[in-house]
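Q: Can you keep this structure in mind? I'll have questions shortly.
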Amino acid sequence: MTGEAAGRADTAAEAIRALNYATLPAAGTLTGPADVYDVVGALATLTGRLPQILSQLQSFLAGEHAAGRVRIVDGPHTGDPTAALAESDRWLTCAAGAADTLRHALEQAHAALSWTAGPDRS
């Protein structure tokens, strides 16, 4: 992986992988409904930040293309960076919309869990 941004994206992906394992029933890391509330809230925040990243990636690619620094060396758009970036732009826009929908759903779940509590252990 090259570059700081790519390394940070990989770190974020690995953090989600670790969270997948941490939330397995056998892991024992969820101790009550409040833990689920906190995890859902953090995931809502995470997904809410994705559209900004995706937009910034699109802007970077547009600038690189305008400067003539994008080549497509293989695949269905070989030699046609305009077509490749148009397709990429379409899918990144779709991903940003999906992330916003996911953020909204997680926020609603988070709100629904606001008043949950575990069993009284007094």
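Read the figures in this text as sums done on the coordinates, not as results from a lab. Here the structure is a predicted model, which is why all the values come from computation and not from measurement. Positions of Cβ are backbone-derived with ideal geometry, glycine not excepted, and every protein chain shown enters the neighbour counts.
Q: Expressed as an acute angle from 0 to 90° and rounded to the nearest 10, what is the orientation of the C-alpha long axis of helix 4-22 relative to the principal long axis of the chain?
A: For helix 4-22, the angle is close to 30 degrees.
Q: Dipole of the range 33-112 (Lys/Arg Cβ +1, Asp/Glu Cβ -1, origin at the Cα centre): which of TRP91, LEU43, PRO33 lies farthest to the positive side?
A: Highest projection toward the positive end goes to TRP91.
Q: Something else: Which whole-angstrom value gives the distance between the alpha carbon centres of the range 64-82 and the range 38-55?
A: Taking the Cα centre of each part, the range 64-82 and the range 38-55 sit 30 Å apart.
Q: Treating only the Cβ atoms of Lys and Arg (+1) and Asp and Glu (-1) as charged, compute the dipole magnitude of the range 39-115 about its Cα centre; round to the nearest 20 debye.
A: Details: 5 positive and 7 negative charges, 34 e Å.
Computed charge dipole of the range 39-115: roughly 160 debye.
Q: So what is the 222 nm mean residue ellipticity for the chain from helices alone, if each DSSP H run of at least 4 adds -39500 (n - 2.57) and you divide by all residues, rounding to the nearest 500 deg cm²/dmol?
A: Values: 3 runs with 85 residues, N = 122.
Helices in the chain give a 222 nm mean residue ellipticity of -25000 deg cm²/dmol.
Q: Another one. Could you work out the Kirkwood radius for the chain, taking every pair of different alpha carbons, averaging 1/r and inverting it, reported in Å?
A: 17.4 Å
Q: What is the range 33-112's relative contact order, in percent, from Cα pairs under 8 angstrom and six or more apart in sequence? Kindly include the intermediate steps, with their values, before the conclusion.
A: Numbers: 57 pairs, mean separation 39.7, N = 80.
Value for the range 33-112: 50 percent.
Q: To test your reading of the geometry: what angle, between 0 and 90 degrees and rounded to tens, separates the Cα axis of helix 33-66 from the longest principal axis of the chain?
A: The angle comes out near 10 degrees.
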